[in-house]
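A.B. asks: What follows is a structure written as structure tokens; I'll ask about it next.
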Amino acid sequence: MSDSRSGRAPIVDQVVRTLKDEFEENLLGILWTGSRAYGEPRLNSDWDFFVLHRAMWRQRRLIRAGDAAIELFINPPGQIRREMAAFEPATISMFAMGQVLYDRDGTTHALVEEAQRLWRSRPPTWTREAQDAWRYEILDVLEDIEDMLADDPDAAGYLMGLAIDSALRGFYQAHQFWQPKGKYLLADLARRRPELALQCRTVISGTQALTARFDALKKLVENIQRPMGGYLDTWETEREPVRPFEEETQ
């Protein structure tokens, strides 16, 4: 059976026909996903499709059709369930919001419904150990930035990008929000916490002096970490047993 919406681009029907010809009886489902499927395409948006099949292998393909870039995510259904069980936000969001184009036995619709249930809920809570490890990680990057501000501004700017990525990952995890794809992240953050989004844009834009951008970055991290107790003063991991190196080489 199939399920699609009227008025879709001819390239979508072309992809469906091509996949049916290639996979034949092994084809279980096709899901159209990504910004084009959601009705929010940008100029350079590609065409994203999940392909479900019977065989126990997975593959990712990038295909060019004229000016169009087509991405295929080919998986058996069990792999998709594995990624959902691991709370992979990209997989969950794409299935939750995608359009079913073909469904041989109901598996594709079942995965969409499962993803929609997960997307309406929250990601798992952050363990204290993981939270403290993240707090240490970002503090270490901030210290490296401060070391490089005068000696190598380009290196400091690069590290600021890493710190922004880490800071936002921590914000979304700490609040149990699903983190959106990078190109949607600042808009989503502005909806949730406008002041944090503004601080991010100050750091990223490059319109201010490097020291001002670094100050904005520190304020961003401080605002995110305040509910956790602020910057780490001390930190240690649990003792972890290790085997002698000689045992690994025998």
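The numbers here are math on the coordinates, done by the rules we state, and not lab data. Note that the structure is a prediction, hence the values are computed from the model and not measured. In this analysis, Cβ positions are derived from the backbone assuming ideal geometry, glycine residues included, and neighbour counts consider all displayed protein chains.
A.B. asks: When volume of the Cα convex hull per residue in Å³ is calculated directly from the model, which label among [x] 120; [y] 140; [z] 209 fits?
C.D. replies: [z]
A.B. asks: How much mean residue ellipticity at 222 nm does the chain get from its helices, if each DSSP H run of length 4 or more adds -39500 (n - 2.57) and you divide by all residues, to the nearest 500 deg cm²/dmol?
C.D. replies: -17000 deg cm²/dmol, from helical runs alone.
A.B. asks: Further question: Beta carbons within 10 angstrom, averaged per residue: use that to sort the peptides 64-73, 30-39, highest first.
C.D. replies: Per-residue mean Cβ counts within 10 Å order the peptides as 30-39, 64-73.
A.B. asks: Run down the aspartates and glutamates and flag those whose C-alpha is under 17 Å from the C-alpha of Lys218, throwing out any fewer than 8 positions away in its chain.
C.D. replies: Filter leaves Glu137, Asp140, Glu143, Asp144, Glu146, Asp147, Asp165, Glu195, Asp233.
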